[in-house]
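The values are calculated or read from the model by the stated rules, or taken from the named source; none is laboratory data. Just so it is clear, the model here is predicted, and its values are computed rather than measured. Don't worry about glycine lacking a Cβ; one is built from the backbone with ideal geometry, like all the others, and counts go over all protein chains shown. All accessible areas refer to the heavy atoms of the entire protein, side chains included, with ligands and DNA or RNA removed. Shrake-Rupley method; radii C 1.70, N 1.55, O 1.52, S 1.80 Å.
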Amino acid sequence: MDIEPSLVGSAERFKLDHELELHEFEDKFVIKSLQSPNQGFWISRRDGNINFLDDETCSGSPSRTSTIYGVVGTIRLVVGTYVVVITSCKEVGSFLGYPVYRVMSMRVLACNDALKFSTGQEKKDEAYFMTLLNIVESTPGLYYSYETDITLNLQRRNKLVEGWMSKPLWKQADPRYVWNRHLSEELIECKLDRFIVPIIQGSFQVAELKLKDSHAMVTLVSRRCNRRLGTRMWRRGANLEGDAANFIETEQLLETEGFRSSFLQVRGSIPLLWEQIVDLSYKPHLSVIKHEQTPLVVERHFSDLSQRYGEIIAIDLTEKHGEEGQLSAAYAAEMKNVPNVRYVPFDFHGHCKDSNFDNLEILYDQISEDAEKQRYFLIDREGNVQEEQRGVIRSNCVDSLDRTNVTQCYLAQKALNLQLQRIGVLSPSECISMFDEEYGKYRALWAEQGDEISLEYTGTHALKGDIVRYGKQTIFGMIKDGMSALSRYYLNNFHDGIRQDALDLISGHYTVNRNSLSPIGQNGFDPFSPLQHNLNAVSGNTLCLTSTNTSIEYDTFLPVTSALIIGGLTATTLTVQQVGRNVHQYVSTAICAGITAGVMAILKANGRQFCSRPRLCGLL
């Protein structure tokens with residue numbers, strides 16, 4: 001197995017145990033290493049306190065024993081403490097020679113025996129939080145390794161000091177890309193380094209390509225930032241610190257002929273203060289918030305990017321008309337005041353309408369000189385650095401998903417051709433698209449990655465996925481996109497509010513204060529009021545549960561109104577058919593139509609109140 005020459009040292013590489021045993025006793029959970037039986041800890045089911053193993057810990061017979069594959073972390077709620085463990089995983093490839101696994105299933109262990117002595121309100125609040133943890137169990141796109149940190153890209157890894165790899169994995173990791181960073185805090189305090197697994201959320205795809213006489217391994221790793229984690233409609237734009245929603249670093253790693261090369265791109269929501277609140281309409285109103293701190297938000301965002309990546313090319317793929325155009329114009333205006341960042345507006349829908357996706361060449365022609373100066377990272381067979389990537393391209397559309405996927409795939413393909421030509425696998429006149437079968441595998445990597453990232457942000461597969469996969473829009477792809485669009489509408493309106501709460505809870509953006517927790521519905525914060533009125537209310541991390549007293553409970557009333565509308569339309573249709581036979585049916589038809597129209601008007605007027613909405617944190 002190859003080891004990065006720059007990281008070789010006298011210290012032994014830190015590894016986690018890859019199989020653990022869970023013993024369930026009446027009063028405690030015991031977690032032991034199968035590789036090192038003396039290594040482990042136990043958690044009281046009464047108070048959730050963590051203790052090291054001793055001779056008496058495992059005395060007696062557990063009610064159940066099972067194998068688990070890692071401890072995701074712990075979280076303390078109103079009354080109990082809960083432990084999240086990995087119950088199944090799947091090896092999906094390797095990162096620089098070390099196996100990478102995908103989390104297939106998780107389980108929440110409840111240490112909440114004290115719940116029986118709690119008040120009714122505490123039980124009610126705890127039940128809501130437990131519902132959120134059940135949502136966490138099915139979180140998609142989680143990846144980890146027992147033997148190496150996968151949060152750092154190849155270029156950053158190469159700059160690590162000697163001996164760094166002997167540190168516990170959680171110390172090696174970039175905390176902004178560790179999905180379970182908040183959940184690991186108590187394990188870190190207890191110094192349980194052997195059981196702390198840094199997990200990324202994003203995508204991990206691998207393909208082996210045969211290009212002429214060479215074999216090339218292409219690995220695509222996308223790392224989702226945890227600083228503004230959220231769902232599509234409830235996490236837009238940036239917060240006051242400049243952290244953008246749906247911010248993702250994507251690394252395309254190439255290994256061939258003893259060389260290793262990496263190409264980085266990033267994506268993220270437009271880093272302004274803006275919102276798009278669901279209200280049952282198919283395309284909710286988009287609003288740019290005018291705020292005195294907006295210039296600082298933009299400056300902080302790009303300053304952070306420049307410090308980490310170097311020179312920045314910001315590609316804006318949004319439309320230039322309508323509300324989307326107003327957002328783009330506001331972004332362009334702010335970018336005039338940001339030094340050392342090249343802003344490139346490109347109306348993707350305008351240039352690539354009627355499936356003319358070859359018109360992305362127009363975009364590349366605009367940025368090719370600067371993009372090729374940024375280069376890529378390259379290490380030769382002896383471990384010597386031949387090239388360093390000096391900057392990064394930041395792409396966005398409105399969701400930073402569908403148009404962004406297509407564009408990033410196109411740019412990554414350009415970089416891959418340059419890398420393969422530099423190494424000598426391809427001649428200067430050759431490119432990967434000349435090899436049909438291998439090109440198909442490569443495009444499939446990007447299509448699968450786009451689907452995973454979209455699932456994490458919207459709950460559905462990416463739109464325009466067939467463009468990435470096949471280079472053109474297909475009939476099947478249009479049908480699939482239509483179904484995904486309808487699914488997004490449903491999830492955005494009726495499911496994402498509670499999913500946002502689950503993300504805020506496990507990421508630490510909302511923390512439960514046991515000493516001053518107000519009952520659900522008592523703090524008066526309204527996520528539907530204009531964002532500028534809520535800026536001061538979301539400055540802290542510990543908030544009470546959002547008010548629901550002044551709004552309609554959507555989960556109770558929506559089925560009723562839906563039934564009334566469907567019933568009214570059905571009755572109206574039936575009575576219209578009878579009008580010719582019986583004049584008195586005119587009255588019945590008018591009544592049914594009037595009731596239906598009235599219910600629909602009420603539903604439209606109060607659309608926001610019928611939607612699923614977050615109850616824990618504000619929009620920032």
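Remarks
- Taken over the range 324-351, the residue count meeting the criterion of being without any contact (Cβ under 8 Å) to a residue 24 or more places away in the chain and more than 27 Å from the chain's Cα centre (by Cα) is 4.
- Complete set of residues in the range 368-395 that are surrounded by 17 or more Cβ atoms within 10 Å (Cβ to Cβ) and either of a type outside the set (Ser, Thr, Tyr) or free of Cβ contacts under 8 Å to residues at least 12 places away in the same chain (or both): ALA371, GLN374, ARG375, PHE377, LEU378, ILE379, GLU387, GLN389, GLY391, VAL392, ILE393, ARG394
- Count of the range 359-397 residues which are under 27 Å from the mean Cα position of the chain (by Cα), β-branched (Val, Ile, Thr) and farther than 14 Å from PRO345 by Cα: 1
Here's the yes/no breakdown for (1) within 23 Å of GLY258 (Cα to Cα); (2) in a helix (DSSP H, G or I); (3) in contact with a Lys or Arg (Cβ under 6 Å, 6 or more places away or on another chain); (4) of a type outside the set (Gly, Ala, Ser):
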{"position": "VAL344", "(1), (2), (3), (4)": "no, no, no, yes"}
{"position": "HIS349", "(1), (2), (3), (4)": "no, yes, no, yes"}
{"position": "ASN359", "(1), (2), (3), (4)": "no, yes, no, yes"}
{"position": "TYR364", "(1), (2), (3), (4)": "no, yes, no, yes"}
{"position": "ILE367", "(1), (2), (3), (4)": "no, yes, no, yes"}
{"position": "LYS373", "(1), (2), (3), (4)": "no, yes, no, yes"}
{"position": "ARG381", "(1), (2), (3), (4)": "yes, no, no, yes"}
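- Pairs are defined by a Cβ separation below 8 Å, a sequence spacing of at least 6 or placement on different chains, a first member in the range 115-129 that is closer than 10 Å to VAL78 by Cβ and part of a helix (DSSP H, G or I), and a second member that is of a type in the set (Gly, Ala, Ser) and open to solvent by less than 70 Å² (accessible area, probe 1.4 Å); the pairs so defined are LEU115/GLY80; GLU126/GLY80; GLU126/SER118.
- Scanning the range 157-195 for residues that are closer than 20 Å to VAL83 by Cα and touching a Gly at 6+ places or on another chain (Cβ under 7 Å) returns ASN180, HIS182, LEU183, SER184, LEU187.
- Residue in the range 193-207 that is part of a loop (DSSP other than H, G, I, E, B) and open to solvent by 30 Å² or more (accessible area, probe 1.4 Å) present: no
- Of the residues making up the range 14-45, those that are within 22 Å of CYS111 (Cα to Cα) and at pLDDT 90 or above number 20.
- The set of residues from the range 80-109 being farther than 15 Å from SER138 by Cβ, open to solvent by 30 Å² or more (accessible area, probe 1.4 Å) and aliphatic (A, V, I, L, M) comprises just one member, VAL92.
- Residue in the range 438-449 that is buried (at least 16 other Cβ atoms within 10 Å of the Cβ), under 30 Å from GLU126 (Cβ atoms), touching a residue at least 12 places away in the same chain (Cβ under 8 Å) and not small (Gly, Ala, Ser) present: no
So that you can scan it fast, the table gives a plain yes or no per residue for (1) at pLDDT 95 or above; (2) open to solvent by less than 20 Å² (accessible area, probe 1.4 Å); (3) part of a strand (DSSP E or B):
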position: TRP170; (1), (2), (3): yes, no, no
position: TRP179; (1), (2), (3): yes, yes, no
position: LEU183; (1), (2), (3): yes, yes, no
position: VAL218; (1), (2), (3): yes, yes, yes
position: SER222; (1), (2), (3): yes, yes, yes
position: GLU251; (1), (2), (3): yes, yes, yes
position: VAL278; (1), (2), (3): no, yes, no
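- In the range 333-358, the residues that are more than 18 Å from GLY242 (Cβ to Cβ) and either loosely packed, with under 15 Cβ neighbours inside 10 Å or of a type in the set (Ser, Thr, Tyr) (or both): HIS349, GLY350, LYS353, ASP354, SER355, ASN356, ASP358
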